Amino acid sequence: MDTTQAQRGRWAVAMMFAANGFVMGAWAPQIPLLLPRHNISESVLGLLILVLGLGAVGAMLFTGRLIGTYGSVRVLRGFALSASVALPLVVFSPNLWVLAPAMALLGALIGCMDVSMNANAVEVERGLKRAIMSSSHGFWSLGGFVGGSLGAWIVAVWGAQTQAVVVGIASAALIVLAMPFLQGDPAAPAPAADHPAPKSGLFPREAGLWLLGAMALFSMVPEGAVLDWAALYLKQELGSDVFRSGLAFAFFSGAMAVMRFAGDGVRNRFGAVRTLQASGLLAALGLLLAAIAPSDSLAIVAFFITGLGVANMVPIMFSAAGNYPGLPSGVAISIVTMVGYAGILVAPASIGVIAEQIGFRWTYAGLSLLLVLVASLAGSTAGADGVHARPQGSKRPAT
(Lines give C-alpha, C1' and ligand atoms only; values in the text may rest on other atoms or scores of the structure.)
Protein backbone atom coordinates (compact mmCIF):
# COMPACT_ATOMS: atom_id res chain seq x y z
CA MET A 1 0.00 0.00 0.00
CA ASP A 2 1.22 3.54 -0.66
CA THR A 3 1.68 6.15 2.05
CA THR A 4 -1.68 7.85 1.47
CA GLN A 5 -3.53 4.56 1.67
CA ALA A 6 -1.57 3.60 4.80
CA GLN A 7 -2.45 6.91 6.47
CA ARG A 8 -6.14 6.33 5.77
CA GLY A 9 -5.82 2.77 7.02
CA ARG A 10 -4.08 4.00 10.14
CA TRP A 11 -7.03 6.16 11.18
CA ALA A 12 -9.56 3.55 10.08
CA VAL A 13 -8.04 0.83 12.27
CA ALA A 14 -7.76 3.36 15.12
CA MET A 15 -11.53 3.83 14.89
CA MET A 16 -11.95 0.05 15.06
CA PHE A 17 -9.93 -0.02 18.28
CA ALA A 18 -12.05 2.83 19.63
CA ALA A 19 -15.29 1.02 18.71
CA ASN A 20 -14.12 -2.18 20.40
CA GLY A 21 -13.17 -0.29 23.55
CA PHE A 22 -16.45 1.64 23.43
CA VAL A 23 -18.50 -1.57 23.46
CA MET A 24 -16.45 -3.09 26.28
CA GLY A 25 -16.60 0.12 28.30
CA ALA A 26 -20.38 0.25 27.88
CA TRP A 27 -20.62 -3.39 28.96
CA ALA A 28 -19.03 -2.66 32.37
CA PRO A 29 -22.02 -0.77 33.91
CA GLN A 30 -24.36 -3.48 32.60
CA ILE A 31 -22.67 -6.25 34.61
CA PRO A 32 -24.15 -5.59 38.09
CA LEU A 33 -27.62 -5.10 36.57
CA LEU A 34 -27.70 -8.77 35.56
CA LEU A 35 -28.08 -9.78 39.22
CA PRO A 36 -31.57 -8.36 39.87
CA ARG A 37 -32.74 -8.78 36.27
CA HIS A 38 -32.20 -12.54 36.30
CA ASN A 39 -32.36 -13.04 40.08
CA ILE A 40 -28.92 -14.67 40.21
CA SER A 41 -26.13 -14.70 42.79
CA GLU A 42 -22.64 -13.28 42.49
CA SER A 43 -21.22 -16.77 41.98
CA VAL A 44 -23.54 -17.38 39.01
CA LEU A 45 -22.56 -14.00 37.60
CA GLY A 46 -18.93 -15.00 37.98
CA LEU A 47 -19.58 -18.14 35.96
CA LEU A 48 -21.30 -16.10 33.25
CA ILE A 49 -18.32 -13.75 33.03
CA LEU A 50 -16.10 -16.81 32.78
CA VAL A 51 -18.26 -18.02 29.88
CA LEU A 52 -17.69 -14.67 28.17
CA GLY A 53 -13.95 -15.01 28.64
CA LEU A 54 -13.87 -18.59 27.41
CA GLY A 55 -15.84 -17.56 24.34
CA ALA A 56 -13.26 -14.87 23.61
CA VAL A 57 -10.20 -17.05 24.12
CA GLY A 58 -11.65 -20.01 22.22
CA ALA A 59 -12.63 -17.91 19.22
CA MET A 60 -9.26 -16.14 19.10
CA LEU A 61 -7.58 -19.41 18.21
CA PHE A 62 -9.48 -19.72 14.92
CA THR A 63 -9.42 -16.06 13.88
CA GLY A 64 -5.87 -16.29 12.61
CA ARG A 65 -6.87 -19.01 10.15
CA LEU A 66 -9.72 -16.87 8.87
CA ILE A 67 -7.35 -13.92 8.39
CA GLY A 68 -4.92 -16.13 6.52
CA THR A 69 -7.71 -17.23 4.19
CA TYR A 70 -9.72 -14.04 3.72
CA GLY A 71 -7.38 -11.23 4.77
CA SER A 72 -7.53 -9.01 7.85
CA VAL A 73 -9.73 -6.36 6.22
CA ARG A 74 -12.64 -8.68 5.35
CA VAL A 75 -12.45 -10.52 8.66
CA LEU A 76 -12.29 -7.27 10.66
CA ARG A 77 -15.28 -5.83 8.80
CA GLY A 78 -17.39 -8.92 9.48
CA PHE A 79 -16.57 -9.32 13.16
CA ALA A 80 -16.73 -5.59 13.90
CA LEU A 81 -20.26 -5.25 12.52
CA SER A 82 -21.34 -8.42 14.34
CA ALA A 83 -19.82 -7.23 17.62
CA SER A 84 -21.86 -4.01 17.49
CA VAL A 85 -25.10 -5.97 17.94
CA ALA A 86 -23.79 -8.44 20.54
CA LEU A 87 -24.33 -6.20 23.58
CA PRO A 88 -28.07 -5.69 22.88
CA LEU A 89 -28.42 -9.48 22.55
CA VAL A 90 -27.03 -9.90 26.07
CA VAL A 91 -29.07 -7.10 27.62
CA PHE A 92 -32.35 -8.22 26.02
CA SER A 93 -31.86 -11.91 26.92
CA PRO A 94 -35.07 -13.02 28.67
CA ASN A 95 -33.57 -15.83 30.77
CA LEU A 96 -30.36 -17.64 31.67
CA TRP A 97 -30.76 -20.15 28.84
CA VAL A 98 -30.47 -17.30 26.35
CA LEU A 99 -28.11 -15.15 28.42
CA ALA A 100 -25.30 -17.72 28.71
CA PRO A 101 -24.86 -18.33 24.96
CA ALA A 102 -25.35 -14.60 24.30
CA MET A 103 -22.44 -13.81 26.63
CA ALA A 104 -20.31 -16.48 24.99
CA LEU A 105 -21.15 -14.90 21.62
CA LEU A 106 -20.29 -11.42 22.91
CA GLY A 107 -16.90 -12.69 24.10
CA ALA A 108 -16.25 -14.55 20.85
CA LEU A 109 -17.09 -11.60 18.59
CA ILE A 110 -15.14 -9.08 20.68
CA GLY A 111 -12.20 -11.50 20.83
CA CYS A 112 -12.22 -12.12 17.08
CA MET A 113 -12.44 -8.40 16.41
CA ASP A 114 -9.53 -7.91 18.81
CA VAL A 115 -7.27 -10.31 16.91
CA SER A 116 -8.24 -9.03 13.45
CA MET A 117 -7.79 -5.35 14.31
CA ASN A 118 -4.36 -6.03 15.83
CA ALA A 119 -3.39 -8.00 12.71
CA ASN A 120 -4.59 -5.13 10.51
CA ALA A 121 -2.63 -2.62 12.61
CA VAL A 122 0.54 -4.64 11.97
CA GLU A 123 -0.12 -4.53 8.23
CA VAL A 124 -0.61 -0.76 8.37
CA GLU A 125 2.65 -0.46 10.32
CA ARG A 126 4.38 -2.16 7.42
CA GLY A 127 2.85 0.29 4.97
CA LEU A 128 3.86 3.30 7.04
CA LYS A 129 7.20 1.77 8.10
CA ARG A 130 6.68 3.07 11.62
CA ALA A 131 4.92 1.99 14.80
CA ILE A 132 1.23 2.70 15.37
CA MET A 133 0.31 -0.17 17.69
CA SER A 134 0.63 1.65 21.01
CA SER A 135 -1.53 4.60 19.95
CA SER A 136 -4.05 2.16 18.47
CA HIS A 137 -4.37 0.63 21.92
CA GLY A 138 -4.60 4.18 23.24
CA PHE A 139 -7.70 4.64 21.11
CA TRP A 140 -9.07 1.45 22.68
CA SER A 141 -8.54 2.97 26.13
CA LEU A 142 -10.19 6.21 24.99
CA GLY A 143 -13.15 4.28 23.60
CA GLY A 144 -13.43 2.35 26.84
CA PHE A 145 -13.46 5.57 28.86
CA VAL A 146 -16.19 7.11 26.70
CA GLY A 147 -18.22 3.90 26.63
CA GLY A 148 -17.98 3.43 30.38
CA SER A 149 -18.74 6.98 31.43
CA LEU A 150 -21.37 7.79 28.79
CA GLY A 151 -22.84 4.31 29.06
CA ALA A 152 -23.23 4.60 32.84
CA TRP A 153 -24.97 7.96 32.43
CA ILE A 154 -27.43 6.58 29.86
CA VAL A 155 -28.18 3.60 32.10
CA ALA A 156 -28.88 5.93 35.02
CA VAL A 157 -31.12 8.26 33.01
CA TRP A 158 -32.86 6.02 30.47
CA GLY A 159 -32.21 2.46 31.57
CA ALA A 160 -30.09 -0.51 30.56
CA GLN A 161 -32.00 -1.51 27.42
CA THR A 162 -31.90 2.00 25.97
CA GLN A 163 -28.17 2.14 26.64
CA ALA A 164 -27.61 -1.16 24.82
CA VAL A 165 -29.49 0.07 21.76
CA VAL A 166 -27.68 3.42 21.71
CA VAL A 167 -24.30 1.71 22.08
CA GLY A 168 -25.13 -0.74 19.31
CA ILE A 169 -26.16 2.03 16.91
CA ALA A 170 -23.23 4.31 17.80
CA SER A 171 -20.60 1.58 17.49
CA ALA A 172 -22.11 0.31 14.21
CA ALA A 173 -22.08 3.85 12.80
CA LEU A 174 -18.43 4.34 13.74
CA ILE A 175 -17.51 0.98 12.22
CA VAL A 176 -19.41 1.64 8.97
CA LEU A 177 -17.71 5.02 8.59
CA ALA A 178 -14.25 3.45 9.05
CA MET A 179 -14.77 0.30 6.96
CA PRO A 180 -14.19 1.79 3.47
CA PHE A 181 -10.79 3.14 4.51
CA LEU A 182 -9.32 -0.03 6.00
CA GLN A 183 -6.10 -1.12 4.29
CA GLY A 184 -4.22 -4.38 4.58
CA ASP A 185 -2.70 -7.37 2.87
CA PRO A 186 -4.99 -9.31 0.55
CA ALA A 187 -6.22 -12.80 1.25
CA ALA A 188 -3.84 -15.66 0.56
CA PRO A 189 -4.07 -16.99 -3.00
CA ALA A 190 -5.04 -20.60 -3.49
CA PRO A 191 -1.86 -22.73 -3.57
CA ALA A 192 -0.92 -24.50 -6.76
CA ALA A 193 -1.59 -28.20 -6.86
CA ASP A 194 2.10 -29.01 -7.12
CA HIS A 195 3.08 -26.50 -4.43
CA PRO A 196 0.73 -26.99 -1.47
CA ALA A 197 0.80 -24.40 1.24
CA PRO A 198 2.82 -25.34 4.31
CA LYS A 199 0.76 -26.32 7.30
CA SER A 200 1.64 -25.24 10.79
CA GLY A 201 -1.32 -26.90 12.46
CA LEU A 202 -3.83 -25.31 14.77
CA PHE A 203 -1.06 -24.72 17.30
CA PRO A 204 2.18 -23.57 15.59
CA ARG A 205 5.31 -25.22 16.94
CA GLU A 206 7.53 -22.13 16.89
CA ALA A 207 8.88 -21.80 20.43
CA GLY A 208 9.60 -18.09 19.96
CA LEU A 209 5.94 -17.40 19.29
CA TRP A 210 4.87 -19.14 22.48
CA LEU A 211 7.54 -17.18 24.34
CA LEU A 212 5.92 -13.97 23.10
CA GLY A 213 2.59 -15.32 24.34
CA ALA A 214 4.06 -16.02 27.77
CA MET A 215 5.55 -12.52 27.86
CA ALA A 216 2.14 -11.06 27.01
CA LEU A 217 0.63 -13.13 29.82
CA PHE A 218 3.28 -11.95 32.30
CA SER A 219 2.51 -8.36 31.28
CA MET A 220 -1.27 -8.71 31.51
CA VAL A 221 -1.35 -10.41 34.91
CA PRO A 222 0.05 -7.38 36.80
CA GLU A 223 -2.38 -5.17 34.87
CA GLY A 224 -5.25 -7.37 36.06
CA ALA A 225 -3.84 -7.34 39.58
CA VAL A 226 -4.13 -3.56 39.70
CA LEU A 227 -7.58 -3.54 38.09
CA ASP A 228 -9.09 -6.15 40.41
CA TRP A 229 -7.22 -5.75 43.68
CA ALA A 230 -5.56 -2.33 44.04
CA ALA A 231 -8.63 -0.70 45.61
CA LEU A 232 -8.95 -3.50 48.16
CA TYR A 233 -5.23 -3.29 48.93
CA LEU A 234 -5.47 0.43 49.66
CA LYS A 235 -8.57 -0.04 51.77
CA GLN A 236 -7.49 -3.06 53.81
CA GLU A 237 -3.77 -2.48 54.27
CA LEU A 238 -3.36 1.28 53.90
CA GLY A 239 -6.64 2.50 55.43
CA SER A 240 -8.02 4.35 52.41
CA ASP A 241 -11.62 5.47 52.15
CA VAL A 242 -13.78 4.49 49.19
CA PHE A 243 -12.83 7.53 47.11
CA ARG A 244 -9.07 7.31 47.57
CA SER A 245 -8.99 3.55 47.07
CA GLY A 246 -10.71 4.03 43.72
CA LEU A 247 -7.97 6.44 42.63
CA ALA A 248 -5.43 3.61 42.39
CA PHE A 249 -6.81 2.14 39.19
CA ALA A 250 -7.93 5.55 37.91
CA PHE A 251 -4.36 6.87 38.01
CA PHE A 252 -3.01 3.59 36.64
CA SER A 253 -5.49 3.64 33.74
CA GLY A 254 -4.90 7.33 33.01
CA ALA A 255 -1.15 6.80 32.89
CA MET A 256 -1.63 3.89 30.47
CA ALA A 257 -3.81 5.95 28.14
CA VAL A 258 -1.40 8.89 28.05
CA MET A 259 1.66 6.71 27.57
CA ARG A 260 0.06 4.64 24.82
CA PHE A 261 -0.49 7.76 22.73
CA ALA A 262 3.15 8.72 23.32
CA GLY A 263 4.46 5.18 22.96
CA ASP A 264 4.75 5.03 19.17
CA GLY A 265 7.07 8.03 19.14
CA VAL A 266 9.20 6.48 21.86
CA ARG A 267 9.37 3.16 20.03
CA ASN A 268 10.10 4.76 16.65
CA ARG A 269 13.04 6.57 18.24
CA PHE A 270 14.51 3.91 20.51
CA GLY A 271 13.25 0.66 18.99
CA ALA A 272 11.01 -2.07 20.39
CA VAL A 273 13.68 -3.87 22.43
CA ARG A 274 14.95 -0.85 24.33
CA THR A 275 11.41 0.47 24.82
CA LEU A 276 10.27 -2.86 26.25
CA GLN A 277 13.31 -3.10 28.52
CA ALA A 278 12.69 0.36 29.93
CA SER A 279 8.93 -0.21 30.16
CA GLY A 280 9.27 -3.51 31.99
CA LEU A 281 11.76 -2.14 34.51
CA LEU A 282 9.66 1.00 35.08
CA ALA A 283 6.51 -1.08 35.63
CA ALA A 284 8.40 -3.40 38.00
CA LEU A 285 9.68 -0.41 39.95
CA GLY A 286 6.14 0.95 40.22
CA LEU A 287 4.74 -2.31 41.58
CA LEU A 288 7.61 -2.65 44.02
CA LEU A 289 7.05 0.90 45.27
CA ALA A 290 3.35 0.14 45.64
CA ALA A 291 4.23 -2.94 47.69
CA ILE A 292 6.39 -1.01 50.16
CA ALA A 293 4.43 2.26 50.16
CA PRO A 294 3.80 3.50 53.73
CA SER A 295 0.71 5.50 52.73
CA ASP A 296 -2.10 5.35 50.22
CA SER A 297 -0.91 8.57 48.54
CA LEU A 298 2.46 7.05 47.72
CA ALA A 299 0.78 3.83 46.60
CA ILE A 300 -1.41 5.77 44.16
CA VAL A 301 1.68 7.46 42.73
CA ALA A 302 3.35 4.05 42.48
CA PHE A 303 0.42 2.62 40.52
CA PHE A 304 0.63 5.64 38.22
CA ILE A 305 4.28 4.76 37.54
CA THR A 306 3.25 1.15 36.94
CA GLY A 307 0.74 2.29 34.34
CA LEU A 308 3.40 4.29 32.52
CA GLY A 309 5.52 1.16 32.27
CA VAL A 310 2.84 -1.40 31.43
CA ALA A 311 1.20 0.75 28.73
CA ASN A 312 3.38 -0.22 25.77
CA MET A 313 4.44 -3.74 26.69
CA VAL A 314 1.60 -5.73 25.14
CA PRO A 315 1.38 -3.56 21.98
CA ILE A 316 5.07 -4.25 21.32
CA MET A 317 4.47 -7.99 21.66
CA PHE A 318 1.55 -7.85 19.24
CA SER A 319 3.75 -6.06 16.69
CA ALA A 320 6.48 -8.64 17.22
CA ALA A 321 3.99 -11.47 16.75
CA GLY A 322 2.54 -9.88 13.63
CA ASN A 323 6.03 -9.76 12.11
CA TYR A 324 7.02 -13.26 13.24
CA PRO A 325 8.88 -14.81 10.29
CA GLY A 326 7.31 -17.77 8.54
CA LEU A 327 3.78 -17.32 9.84
CA PRO A 328 0.80 -15.21 8.70
CA SER A 329 0.22 -12.20 10.94
CA GLY A 330 -3.26 -13.32 11.97
CA VAL A 331 -2.13 -16.78 13.06
CA ALA A 332 0.77 -15.44 15.11
CA ILE A 333 -1.25 -12.67 16.76
CA SER A 334 -4.12 -15.05 17.57
CA ILE A 335 -1.74 -17.32 19.49
CA VAL A 336 -0.13 -14.49 21.46
CA THR A 337 -3.51 -12.91 22.18
CA MET A 338 -5.02 -16.23 23.25
CA VAL A 339 -2.18 -17.04 25.66
CA GLY A 340 -2.15 -13.53 27.09
CA TYR A 341 -5.89 -13.32 27.67
CA ALA A 342 -6.05 -16.89 29.00
CA GLY A 343 -3.95 -15.64 31.89
CA ILE A 344 -6.46 -12.89 32.56
CA LEU A 345 -9.13 -15.55 33.10
CA VAL A 346 -7.28 -17.28 35.91
CA ALA A 347 -5.19 -14.43 37.31
CA PRO A 348 -7.84 -12.55 39.37
CA ALA A 349 -8.89 -15.57 41.40
CA SER A 350 -5.31 -16.83 41.74
CA ILE A 351 -4.06 -13.46 42.95
CA GLY A 352 -6.89 -13.28 45.47
CA VAL A 353 -5.98 -16.67 46.91
CA ILE A 354 -2.27 -15.80 47.10
CA ALA A 355 -2.91 -12.37 48.64
CA GLU A 356 -5.15 -13.96 51.27
CA GLN A 357 -2.23 -16.14 52.34
CA ILE A 358 0.72 -13.73 52.16
CA GLY A 359 -0.88 -10.27 51.86
CA PHE A 360 -1.02 -7.80 49.01
CA ARG A 361 2.40 -6.31 49.69
CA TRP A 362 4.25 -9.54 49.02
CA THR A 363 1.91 -10.34 46.14
CA TYR A 364 2.65 -7.08 44.31
CA ALA A 365 6.35 -7.45 45.06
CA GLY A 366 6.27 -10.92 43.54
CA LEU A 367 4.42 -9.70 40.44
CA SER A 368 7.12 -7.09 39.88
CA LEU A 369 9.52 -9.98 39.24
CA LEU A 370 7.36 -11.07 36.29
CA LEU A 371 7.88 -7.66 34.74
CA VAL A 372 11.64 -7.86 35.31
CA LEU A 373 11.57 -11.23 33.55
CA VAL A 374 9.74 -9.70 30.57
CA ALA A 375 12.33 -6.91 30.41
CA SER A 376 15.13 -9.48 30.40
CA LEU A 377 13.49 -11.24 27.43
CA ALA A 378 12.97 -8.03 25.45
CA GLY A 379 15.34 -9.21 22.72
CA SER A 380 12.60 -11.60 21.58
CA THR A 381 10.60 -8.63 20.31
CA ALA A 382 13.23 -7.32 17.88
CA GLY A 383 10.96 -8.35 14.99
CA ALA A 384 8.48 -5.67 16.02
CA ASP A 385 10.72 -3.12 14.26
CA GLY A 386 11.11 -5.24 11.13
CA VAL A 387 8.83 -5.43 8.12
CA HIS A 388 8.64 -9.10 7.27
CA ALA A 389 6.62 -10.11 4.25
CA ARG A 390 3.75 -12.41 4.94
CA PRO A 391 4.44 -15.97 3.78
CA GLN A 392 1.64 -15.79 1.28
CA GLY A 393 -0.22 -13.21 -0.81
CA SER A 394 0.85 -10.32 -2.96
CA LYS A 395 1.60 -6.76 -1.87
CA ARG A 396 -1.42 -5.29 -3.58
CA PRO A 397 -3.65 -3.57 -0.97
CA ALA A 398 -7.05 -5.04 -0.12
CA THR A 399 -9.79 -2.48 0.21
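Numerical summary
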read-out	value
³J(HN,Hα) computed for each position of the range 288-303 - Karplus, 6.51 cos²θ - 1.76 cosθ + 1.60, integer Hz, glycine/proline x	5, 5, 5, 5, 9, 4, x, 9, 5, 4, 5, 5, 5, 4, 5, 5
Label point at ILE292 placed 7 Å out along Cα→Cβ; residues across the range 350-377 whose backbone nitrogen lies under 16 Å	361-369, 372
Of GLY213, LEU227, PRO180, farthest towards positive along the dipole that unit charges on Lys, Arg, Asp, Glu beta carbons give the chain	PRO180
Heavy-atom SASA rank of PHE243, PHE92, PHE22 (probe 1.4 Å, accessible area, largest first)	PHE243, PHE92, PHE22
Cα gyration tensor shape for the range 227-368, rounded if a/c is under 1.5, else prolate or oblate	prolate
The chain: most fluctuating residue of GLU223, GLU237, GLU123 per GNM, C-alpha cutoff 10 Å	GLU237
Mean Cα-pair separation over length for the chain, i.e. relative contact order, pairs under 8 Å, 6 or more apart, %	25
Highest-fluctuation residue, ASN20, ASN39, ASN312 considered, GNM on the chain with Cα pairs under 10 Å	ASN39
Relative counts (whole %) of C-alpha pair distances in the chain, using bins that are 10 Å wide	5, 23, 33, 26, 11, 2, 0, 0
Amide H within-cut-off set for GLY184, under 5 Å, with H built and near neighbours excluded	ALA398
The range 1-156, dipole about Cα centre (Lys/Arg Cβ +1, Asp/Glu Cβ -1), debye to the nearest 20	360
Choice from VAL165, VAL122, VAL336 with maximal GNM fluctuation in the chain (Cα, 10 Å cutoff)	VAL165
Taking the range 220-321 and dividing mean pair separation by its residue count, relative contact order in percent (alpha carbons under 8 Å, at least six apart)	35
q = 0.13, 0.14, 0.21 Å⁻¹: log10 I(q)/I(0) that the Debye formula gives for the range 1-140, counting C-alpha atoms only	-0.59, -0.66, -1.19
Residue-normalised accessible area of the chain, expressed per residue, 1.4 Å probe, Å²	42
Where N is the number of residues in the range 61-162, Cα Rg divided by 2.2 N^0.38 Å	1.26
Sulfur and carbon atoms: percent of accessible area, the range 216-347 [1.4 Å]	71
Rounded FRET efficiency, nearest 0.05, which uses the C-beta distance separating VAL98 from ILE354 and R0 of 25 Å	0.10
Backbone HN-Hα couplings from phi across the range 218-226 [Karplus 6.51/-1.76/1.60, Hz, Gly and Pro as x]	5, 7, 7, 4, x, 4, x, 5, 6
Computed FRET value (nearest 0.05) for PHE243 with ILE49, which takes r as the C-beta separation and R₀ as 25 Å	0.45
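The values are calculated or read from the model by the stated rules, or taken from the named source; none is laboratory data. Since this is a predicted model, take the numbers as computed values, not measurements. Cβ atoms come from the backbone with ideal geometry, glycine included; neighbour counts cover every protein chain shown. We work out accessible area using only protein heavy atoms, side chains counted, and drop any ligands, DNA or RNA first. Shrake-Rupley method; radii C 1.70, N 1.55, O 1.52, S 1.80 Å.
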